[in-house]
2 protein chains.
Amino acid sequence: MLTHDQIWQAIDRLATTFGYSPSGLAKQAGLDPTSFNKSKRIGPDGKPRWPSTESVSRVLSATGANMSDFVSMVEDIDVQQRHSTTLIPVIGFAQAGTHGFFDEQGYPQGGSWDEVQFPEVSTSEKNNIYALKINGDSMEPLYRQGDVLVVSPNSKIRKADRIVLKTTNGEVMVKELVRQNATHIEIKSLNPDHENRKISMNDVAWTARVLWVSQ
Amino acid sequence: MLTHDQIWQAIDRLATTFGYSPSGLAKQAGLDPTSFNKSKRIGPDGKPRWPSTESVSRVLSATGANMSDFVSMVEDIDVQQRHSTTLIPVIGFAQAGTHGFFDEQGYPQGGSWDEVQFPEVSTSEKNNIYALKINGDSMEPLYRQGDVLVVSPNSKIRKADRIVLKTTNGEVMVKELVRQNATHIEIKSLNPDHENRKISMNDVAWTARVLWVSQ
DNA sequence: GATATTTTATGATTTTTTTCCTATTTACTT
DNA sequence: AAGTAAATAGGAAAAAAATCATAAAATATC
C-alpha cells in the first residue's frame, strides 16, 4: 500500500534527513523549486497530485539515498533494519523426513513452512561484521580449510556461543563460551581433546561472536 | 538510486509474481490495460516514460503488496545488474593474531583487509534457498540444537560438501559427500563414530548443499 | 534594522502521463 | 481448425504533472 500522504511525507522526511527544505531538495534534484510546494500537492479541484517516479528517482540521486531508504521514510521503519534481509522458508529438521514438505526436486512445498530472515543479522551488528577465513585443519571437524566465519565484534556473547577472543598478548582464538563473569571468562576448545581454559578478563583484549559459517 | 529499467522491471515482476500479465495487472489496478505496454515505456522521441506514483500505488493496492515488496523487486534487479550484495572485510585466520588488523574494540582496522560477499549466494540460488532448524543433539558437535542450516537445492554438490540427502524411502539426512559417480554416492556421517555409507543413485530422491550455518 | 537569500504560494504554460480508440498478435477453448 | 478472449502495439485526445513567471512570506546576513 502507498498513500498520497505517505509519499509526500517520505519526500519531506528525506529532505529533512539530508538537511534540505522541500524546495531545496527539489532544486538539488534538478527540478523546479516549487514542485514540492504544499500548494502543489493537491490540484485546483481538490484532487490529490502524485509526483512522477522520475521525480522520486531524481530526488534519490540528489541525496544518494536508495529505494530502501525511501521506503523506510514511507513505512516509518528504521533504515538500517530493512537492509538486505531475505525471508526464506524454514522447518525443523525432524519434520524434513515426513511427507509433504518437499517436491520431487527437493524444493520446499506446501504451506506448512515457516519463515526466517537470512542473514539474521540485527541492526547494530549489520554495519560492523567481518569475516575470517580458516586456514589449516586445527579446528576440524567444526571448521575446515576454506570455511568463512562471519563475526560480529559488538555482539553480546552468551553461554555456548562460538566466540573469537583476543588476549592482551596478541593471541587470537575461536572457542566456545562456557561461562563468563566480571573477573573471568571460561572457554572450551572446539577440539574436544583440549581442556577448558579460564582467562582473567584483564587479559582479554576483546571478544566477538561467530554469527554464520559457510560450509 | 532508482532507474527507469528498474521501475518497469519491478512492475513486470510484480505482475508475474501475482499471476498477471502486465496488461492484466493494469486492468486489475483500474488503469488502462495498455498503460504498461512495452511501447508505452519509451516516448515517441525516445525519451523514457516514468509512471506516476499514483500508478504504482494502484498496482500495490491491486496486488495487496506493500512498498517493501515493490522495492525488493527493484533491488533484486539491482543485484542482478551489479552482481554484488553486501561486502564485508575478510582476512585469513592465521593473520588475525598478527599486529595491526584490529583496533582496541576488536573492529577491523587498516587497509590490508580483503572483501567477501555476505551472504555469498548466487542469483540463481537466491530464490530457492531454504533453511532447516536443528532439533536435538544427534549431529553434535558440528550442529547443535537451534542451529539453522541454509540449504540450496539446485547447487551442484562436490566432494567434502555438507549435503542434505533424501532417499526414495523418505529418509532425510545431513552428511558429508565423500565421492559420487553415475551409479553411487558415498557419504560420511558428521558423527565420526559412524562408518561411511554407499547409496545407489536409484535410491536418492534429491540432494541439496548446505551453504551457511548460524551459530 | 535594512538587505539579500531562501522558501512558499498561485496561476498560466509546457511537457508528460494516462486514457481512449482501433488494429494486430498471441493464447486458450471447444 | 475455428472461434473467443487476452495481450500488445501505436496514434490521437484528455488529464495530470512539471515548469515558468511572479509575488509574498520567512529566514539569514551584514
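Numbers for the structure displayed
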read-out: Per-residue HN-Hα couplings for region A:19-35 [Karplus 6.51, -1.76, 1.60; θ = phi - 60°; Hz; x = Gly/Pro]; value: x, 10, 7, x, 5, x, 5, 4, 4, 4, 7, x, 9, 5, x, 8, 4
read-out: Accessible surface, per residue, of region A:130-213 when the full set of protein chains is kept, probe 1.4 Å, Å²; value: 48 Å²
read-out: Accessible surface of B:THR16 - all protein chains present, 1.4 Å probe, nearest 10 Å²; value: 100 Å²
read-out: A:SER21 paired with A:THR183, simple spin-label distance in nm, labels 7 Å along Cα-to-beta-carbon; value: 6.4 nm
read-out: Whether region B:4-82 is rounded, prolate or oblate, judged on the alpha carbon gyration tensor where a/c under 1.5 counts as rounded; value: oblate
read-out: Region B:130-213: C-alpha gyration tensor shape, a/c 1.5 cut-off, then a/b vs b/c; value: prolate
read-out: For A:PHE102, distant residues with modelled amide H under 5 Å away; value: A:GLN109
read-out: Inter-copy separations for A:GLY43, label at 7 Å along Cα-Cβ, nm, ascending; value: 2.0
read-out: Peptide B:143-153 - average C-beta neighbours from other chains (10 Å radius); value: 4
read-out: Residues with amide H under 5 Å from that of A:VAL204, placed H, sequence gap 5 or more; value: A:THR168
read-out: Global geometry of region B:1-47, whether rounded, prolate or oblate, following the gyration tensor of its Cα atoms and the 1.5 cut on a/c; value: oblate
read-out: Label geometry 7 Å along the beta-carbon vector: A:ALA182 inter-copy distances in nm; value: 7.1
read-out: Subset of A:LYS159/B:LYS175; A:LYS188/B:LYS133; A:LYS156/B:LYS166; A:LYS188/B:LYS188; A:LYS40/B:LYS27; A:LYS133/B:LYS156 violating a 32 Å alpha-carbon distance limit; value: A:LYS156/B:LYS166
read-out: Label point 7 Å beyond Cα along the C-beta direction, distances from A:GLN95 to other copies (nm, shortest first); value: 4.2
read-out: Shielding by partners - mean other protein chain Cβ count within 10 Å, residues of A:50-61; value: 6
read-out: Positive minus negative residues near B:GLU171 (Lys, Arg vs Asp, Glu; Cβ under 13 Å); value: +2
read-out: 13 Å cut-off, amide nitrogen to a point 7 angstrom out along A:MET201 Cα→Cβ, residues in region A:137-162; value: A:157
read-out: Protection-proxy order for peptides B:201-211, B:186-196, each taking the mean of Cβ atoms within 10 Å per residue, highest first; value: B:201-211, B:186-196
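The values are calculated or read from the model by the stated rules, or taken from the named source; none is laboratory data. Quick caveat, the model's predicted, so the values are computed rather than measured. Neighbour counts run over all protein chains shown; Cβ positions are idealised from the backbone, glycine included. Each accessible area value is taken on the protein alone, full model and side chains, heavy atoms only, with ligands, DNA and RNA left out. Shrake-Rupley method; radii C 1.70, N 1.55, O 1.52, S 1.80 Å.
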